[in-house]
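Scroll down for the structure; my scribbles are underneath it.
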Amino acid sequence: MTQTSLSTRAWAELLLLALIWGGSFLAIRTALDEIGPLTSVLLRTGLAAAVLWPVVLWRRLPLPRNARTWGALLVMGCLNNAIPFSLMAWGQLHIPTGLTSILNATTAIFGVLVAALVFADERLTARKATGVALGFAGVVTAIGPQDLLKIDPGSLAQLAVVAGTLSYACASAWARARLGKLPPLVNACGMLTGATLVMAPLALAAEGIPDLALTAKGWTGVLYYALVATAFAYLLYYRVLAMAGAGNLLLVTLLIPPVAIVLGAWARDETLAPTAYAGLGLLAAGLMVLDGRVLGFDAPSRRA
């Protein structure tokens, strides 16, 4: 992981990104009161792509010239958008937004495992294995060992969210293997477009033609998670990545759940079991071990 010191500006944008993504869980749940989960994903990817493509064209970024790259972007859209967004949207119908955000933090844990399986230079060291073990202990604790054996909407919803984070991890490996030469913003636009092409027939087949006569509250949720938490957040994400490095972006993973938990309690009167907070603590410990600096490893090498 590339790690740098965090300047005041980098910290500010990192916190802003955490606030935006933390708020997305409430926005999605609000929209789900009025539209189906697949339709919510279609609107999310379609609107975000429609906003980002003009930015790409205005910046005159180079576009892919061959079918193979467009095919790779289609796969990326499935792995990074269509599959995880759909699983998590369905999951949020049955579990609190705060718990969804906690389980979402598993993305970094799966990312380490998938990278170790796919790339020769990402071997699973003792420190990484310890971090992964703590992370999985956190997932089991947050879900509840007794619930892992149940077949009910609540348990399946939690497992669906975890499966979504595995899809995110696979997307990260796919991007490194197949899309490393593309400008990040072109990558984002291409995968969102691919996800939209996949989600359109699925949403129409499963949920019918969307009824767009939503309330102001419903449209606020849709526009927030599509335009702010997806389109704008991608732009901000790549800025923070350039300033702070990939290692420091793990901090976003730790900052998102508190935001989502507070918003869920405030807006929807959600409460979480003590095991959820214990699981978050174990996940945080695992992420800190993966980061390395908590144990004095991989100290920042330059200032952002």
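The values are calculated or read from the model by the stated rules, or taken from the named source; none is laboratory data. What you see is a predicted model; the values in this text were computed from it and never measured. Note that we place each Cβ from the backbone using ideal geometry, even for glycine, and neighbour counts take in every protein chain shown. Surface accessibility is based on the protein's heavy atoms, side chains included, excluding ligands, DNA and RNA. Shrake-Rupley method; radii C 1.70, N 1.55, O 1.52, S 1.80 Å.
Which of the following residues is surrounded by 24 or more Cβ atoms within 10 Å (Cβ to Cβ), in contact with a Leu (Cβ under 8 Å, 6 or more places away or on another chain) and assigned to a helix (DSSP H, G or I): Met76, Met88?
Answer to the check: Met76.
Do we find that Ile102 is open to solvent by less than 20 Å² (accessible area, probe 1.4 Å) and either farther than 23 Å from Leu159 by Cβ or in a loop (DSSP other than H, G, I, E, B) (or both) in this structure?
The answer is no for Ile102.
Could you run through the range 122-167 and say how many residues are in contact with a Phe, Trp or Tyr (Cβ under 7 Å, 6 or more places away or on another chain) and either closer than 18 Å to Leu250 by Cβ or among the aromatic types (Phe, Trp, Tyr) (or both)?
Residues in the range 122-167 being in contact with a Phe, Trp or Tyr (Cβ under 7 Å, 6 or more places away or on another chain) and either closer than 18 Å to Leu250 by Cβ or among the aromatic types (Phe, Trp, Tyr) (or both): 3 in total.
Out of all the residues in the range 146-186, which are in contact (Cβ under 8 Å) with a residue 24 or more places away in the chain, open to solvent by less than 70 Å² (accessible area, probe 1.4 Å) and farther than 23 Å from Ile28 by Cβ?
If the condition is that a residue be in contact (Cβ under 8 Å) with a residue 24 or more places away in the chain, open to solvent by less than 70 Å² (accessible area, probe 1.4 Å) and farther than 23 Å from Ile28 by Cβ, then Ala173, Trp174, Ala175, Ala177, Leu179, Leu182, Pro183, Pro184, Leu185, Val186 are the ones that fit.
Scanning for something under 17 Å from the mean Cα position of the chain (by Cα) and of a type in the set (A, V, I, L, M), does the range 51-71 turn up at least one residue? Lay out the reasoning, then the answer.
If we filter the range 51-71 for residues that are under 17 Å from the mean Cα position of the chain (by Cα), which is where we start, we get none.
Checking the range 51-71: not a single residue is under 17 Å from the mean Cα position of the chain (by Cα) and of a type in the set (A, V, I, L, M).
Collect the residues in the range 217-236 that are small (Gly, Ala, Ser), more than 20 Å from Leu99 (Cα to Cα) and more than 14 Å from the chain's Cα centre (by Cα), keeping them in residue-number order. If you could, list the steps in order and put the result at the bottom.
If we filter the range 217-236 for residues that are small (Gly, Ala, Ser), which is where we start, we get 218, 221, 226, 229, 231, 233.
Subsequent filtering for residues that are more than 20 Å from Leu99 (Cα to Cα) retains 218, 226, 231, 233.
Passing the criteria: only Gly218.
Name every residue in the range 237-266 that is aliphatic (A, V, I, L, M) and either within 14 Å of the chain's Cα centre (by Cα) or open to solvent by 50 Å² or more (accessible area, probe 1.4 Å) (or both), in order of residue number.
Leu241, Ala242, Leu249, Leu250, Leu251, Val252, Leu254, Leu255, Ile256, Ala260, Val262, listed by residue number.
Return a yes/no flag: does the range 119-133 have any residue that is part of a helix (DSSP H, G or I), open to solvent by less than 20 Å² (accessible area, probe 1.4 Å) and of a type outside the set (Val, Ile, Thr).
Among the residues of the range 119-133, at least one is part of a helix (DSSP H, G or I), open to solvent by less than 20 Å² (accessible area, probe 1.4 Å) and of a type outside the set (Val, Ile, Thr), which makes the answer yes.
If you check Val139 against the conditions, is it assigned to a helix (DSSP H, G or I) and within 24 Å of Val262 (Cβ to Cβ)?
yes
So which residues in the range 38-72 are surrounded by fewer than 23 Cβ atoms within 10 Å (Cβ to Cβ) and in contact with an Asp or Glu (Cβ under 8 Å, 6 or more places away or on another chain)?
Residue satisfying the conditions is Leu38 alone.
Taking the conditions exactly as written (open to solvent by 50 Å² or more (accessible area, probe 1.4 Å) and closer than 30 Å to Val55 by Cα), does Thr215 satisfy them or not? Outline the logic, then answer.
Numbers: open to solvent by 50 Å² or more (accessible area, probe 1.4 Å): yes; closer than 30 Å to Val55 by Cα: yes.
It is true that Thr215 is open to solvent by 50 Å² or more (accessible area, probe 1.4 Å) and closer than 30 Å to Val55 by Cα.
Return yes when Leu197 is closer than 13 Å to Gly46 by Cα, open to solvent by 60 Å² or more (accessible area, probe 1.4 Å) and either part of a loop (DSSP other than H, G, I, E, B) or at pLDDT 95 or above (or both) and no when it is not.
yes
May I ask you to say which residue of Val75, Val114, Val51 is modelled with pLDDT under 95 and not small (Gly, Ala, Ser)?
Only one candidate qualifies: Val114.
Restricting to the range 110-140, name every residue that is free of Cβ contacts under 8 Å to residues at least 40 places away in the same chain and not hydrophobic (A, V, I, L, M, F, W, C).
Matches in the range 110-140: Asp121, Glu122, Arg123, Thr125.
Listed here are the residues, each with its yes/no results for (1) modelled with pLDDT of 90 or more; (2) among the hydrophobic types (A, V, I, L, M, F, W, C); (3) outside any loop (DSSP other than H, G, I, E, B).
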{"site": "Ile209", "(1), (2), (3)": "yes, yes, no"}
{"site": "Leu214", "(1), (2), (3)": "yes, yes, no"}
{"site": "Gly218", "(1), (2), (3)": "yes, no, yes"}
{"site": "Tyr225", "(1), (2), (3)": "yes, no, yes"}
{"site": "Ala229", "(1), (2), (3)": "yes, yes, yes"}
{"site": "Phe232", "(1), (2), (3)": "yes, yes, yes"}
{"site": "Asn248", "(1), (2), (3)": "no, no, no"}
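Evaluate the following for Ala203: is it of a type in the set (A, V, I, L, M, F, W, C), open to solvent by less than 40 Å² (accessible area, probe 1.4 Å) and within 19 Å of the chain's Cα centre (by Cα)?
Against the criterion (of a type in the set (A, V, I, L, M, F, W, C), open to solvent by less than 40 Å² (accessible area, probe 1.4 Å) and within 19 Å of the chain's Cα centre (by Cα)), Ala203 does not qualify.
Kindly evaluate Thr97 against the criterion of being touching a Lys or Arg at 6+ places or on another chain (Cβ under 6 Å) and more than 17 Å from Leu290 (Cα to Cα).
So Thr97 fits the description; yes.
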